[in-house]
Structures are given as C-alpha cells and as structure tokens.
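Engineer: One structure, as structure tokens, below. Some questions next.
The values are calculated or read from the model by the stated rules, or taken from the named source; none is laboratory data. For clarity, every value in this text was computed on a predicted model and none was experimentally measured. Please note: Cβ atoms are built from the backbone with ideal geometry, for glycine as well, and neighbour counts cover all protein chains shown.
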Amino acid sequence: MGDISTAAASAGEREPQPKDPRTIARKYQLDLCKRALEENIIVYLGTGCGKTHIAVLLIYELGHLIRKPRRDVCIFLAPTVPLVLQQATVIANSTNFRVQSYYGDGKTPRDHENWETEMAESEVLVMTPQILLHSLQHCFIKMDSIALLIFDECHHAQVHKRHPYAQIMKVKFLINGELNQNNMSMLLV
C-alpha cells in the first residue's frame, strides 16, 4: 500500500484539504477568539489551557487580511528559539497559511530587500521579539504591514525590564512621537 500523500501528489489534481482549527476548538476558545476579533485583548489562562489555539483561531479568522497576494502579514512573537519553532509548527499544522520562523540563526534577512521578499512569500512570520524590534528600528518591517501581532508569553512586556516586547509596544503606539492609529489587531497570550 502506497503513501496517501505521495499518491495524491502524483495524481496532481487534488489540492490540500483546507484546515479549519474551529473544528477542535473548545467553546471558551471560540468565545475568546470572537472577543479578540472585536478588540485587542490579553488572554490569561493557565498552562495547557489552549492559548496557542486561540491565537491560531484568530489567525484563521483574520486570514482574509494576510492571504496572498495581500501584502500584510501576521507576526507571532515568542521569546525563545524553542518556542518560535514550536509555535511555527503548531500554526503550520493547524492552518493552510505559509509560515516561516526567524531567530538569531544567521539566516534571518538583514536588509530591506530580503525582508520584502520574505513578507511577499509568507503569511505568518513567527520570530523572537528581538528580530522584530531590530527590523522595525531599521525600517525593514513597518507596523502598517502587520495585520495581526501576537505576543506569546506577554508577561515579559514589562517596561522596567526594557524587554523587547515593551519596546515593540512603544513603537506600536508611538511613531515619531505621535499616537499610531493603524488598524492592527493584537492578541497577547
């Protein structure tokens, strides 16, 4: 008996089945996702309660804003490399979006042209906050190209610690000393 995915690929006629994370969501996750569609929220739940799935649901629901050929993207921030890799895998396995991960491995784009290419080819970018902060500071990524910004482990966003999360929030809300009025949605988990 052959591999089903190989047989389907060789037939060349079938597209991958759409993935719908709503089918396995719990009611409270759907309720929190609905709330996040209406306003920026902080999700405070214990370990193992499905915060990542709420983020996946929100990405799915706002997919019309990031699906190519649109130029906007979703950026999912995670504070450590293992979390970046884990969350990128979960998003890729739960949705049909083009997901890429970025962290200090030397392969992260280092100029405007390379970031432009990455953003043109990807829909969800999972990265460490330092990568986004550096990219914002050098104008490789602009806030107005981010349709959805998700902060995993958002308790790190403490101003007195000068954590990159806190610095990103300053950039998000204050651009050139003025209140930033872009329509980006945010989820903090």
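Engineer: Being surrounded by fewer than 12 Cβ atoms within 10 Å (Cβ to Cβ) and at pLDDT 95 or above is the requirement here; does PRO16 meet it? It would help to see each step written out before you state the result.
Structural biologist: Values: surrounded by fewer than 12 Cβ atoms within 10 Å (Cβ to Cβ): yes; at pLDDT 95 or above: no.
For PRO16, the condition - surrounded by fewer than 12 Cβ atoms within 10 Å (Cβ to Cβ) and at pLDDT 95 or above - is not met.
Engineer: Scan the stretch 31-62 residue by residue and report those that are among the small types (Gly, Ala, Ser) and over 11 Å from the mean Cα position of the chain (by Cα). Break it down into steps so the answer makes sense when it comes.
Structural biologist: We begin by selecting, within the stretch 31-62, every residue among the small types (Gly, Ala, Ser); these are 36, 46, 48, 50, 55.
ALA36, GLY46, GLY48, GLY50, listed by residue number.
Engineer: Okay, next question. Give the number of residues within the stretch 71-95 that are under 21 Å from PHE140 (Cβ atoms) and touching a residue at least 60 places away in the same chain (Cβ under 8 Å).
Structural biologist: Kept after step one, since they are under 21 Å from PHE140 (Cβ atoms), are these residues of the stretch 71-95: 71-79, 81, 84, 88.
Narrowing further to those that are touching a residue at least 60 places away in the same chain (Cβ under 8 Å): 71-79.
Of the residues in that region, 9 qualify.
Engineer: Can you tell me which residue within the stretch 19-50, out of those that are touching a Lys or Arg at 6+ places or on another chain (Cβ under 8 Å) and among the aliphatic types (A, V, I, L, M), is modelled with the highest pLDDT?
Structural biologist: To start, the set of residues in the stretch 19-50 that are touching a Lys or Arg at 6+ places or on another chain (Cβ under 8 Å) comprises 30, 41, 43, 45, 50.
If we keep only those that are among the aliphatic types (A, V, I, L, M) as well, we get 30, 41, 43, 45.
Values: LEU30: 97, ILE41: 90, VAL43: 93, LEU45: 92.
Looking at the filtered set, the residue picked out is LEU30.
Engineer: Might you check whether a residue that is polar (S, T, N, Q) and free of Cβ contacts under 8 Å to residues at least 24 places away in the same chain occurs anywhere in the stretch 96-109?
Structural biologist: The first filter runs over the stretch 96-109 and keeps only residues polar (S, T, N, Q), leaving 96, 100-101, 108.
Keeping just the survivors that are free of Cβ contacts under 8 Å to residues at least 24 places away in the same chain gives 108.
Yes.
Engineer: Collect the residues in the stretch 61-78 that are in contact with a helix residue (DSSP H, G or I) (Cβ under 7 Å, 6 or more places away or on another chain) and either of a type in the set (A, V, I, L, M) or surrounded by fewer than 20 Cβ atoms within 10 Å (Cβ to Cβ) (or both), keeping them in residue-number order. Quick ask: steps written out before the conclusion?
Structural biologist: Narrowing the stretch 61-78 to residues in contact with a helix residue (DSSP H, G or I) (Cβ under 7 Å, 6 or more places away or on another chain): 61, 71-78.
Once the filter is applied, which keeps residues that are in contact with a helix residue (DSSP H, G or I) (Cβ under 7 Å, 6 or more places away or on another chain) and either of a type in the set (A, V, I, L, M) or surrounded by fewer than 20 Cβ atoms within 10 Å (Cβ to Cβ) (or both), the stretch 61-78 yields GLU61, ARG71, ASP72, VAL73, ILE75, LEU77, ALA78.
Engineer: A further question on this structure: Need at least 2 residues that are within 15 Å of ASN93 (Cα to Cα) per element, so show me which helices (runs of 4 or more DSSP H) inside the stretch 13-80 make the cut, counting only ones lying wholly within it. Can you show your working first?
Structural biologist: Numbers: elements: 27-38, 51-61, 63-66.
Output list reads 51-61.
Engineer: Continuing with the same structure: Take the residues in the stretch 88-134 that are modelled with pLDDT of 95 or more and in contact with an Asp or Glu (Cβ under 6 Å, 6 or more places away or on another chain), then tell me which one is farthest from GLY63 (Cα to Cα).
Structural biologist: The qualifying residue farthest from GLY63 (Cα to Cα) is ARG98.
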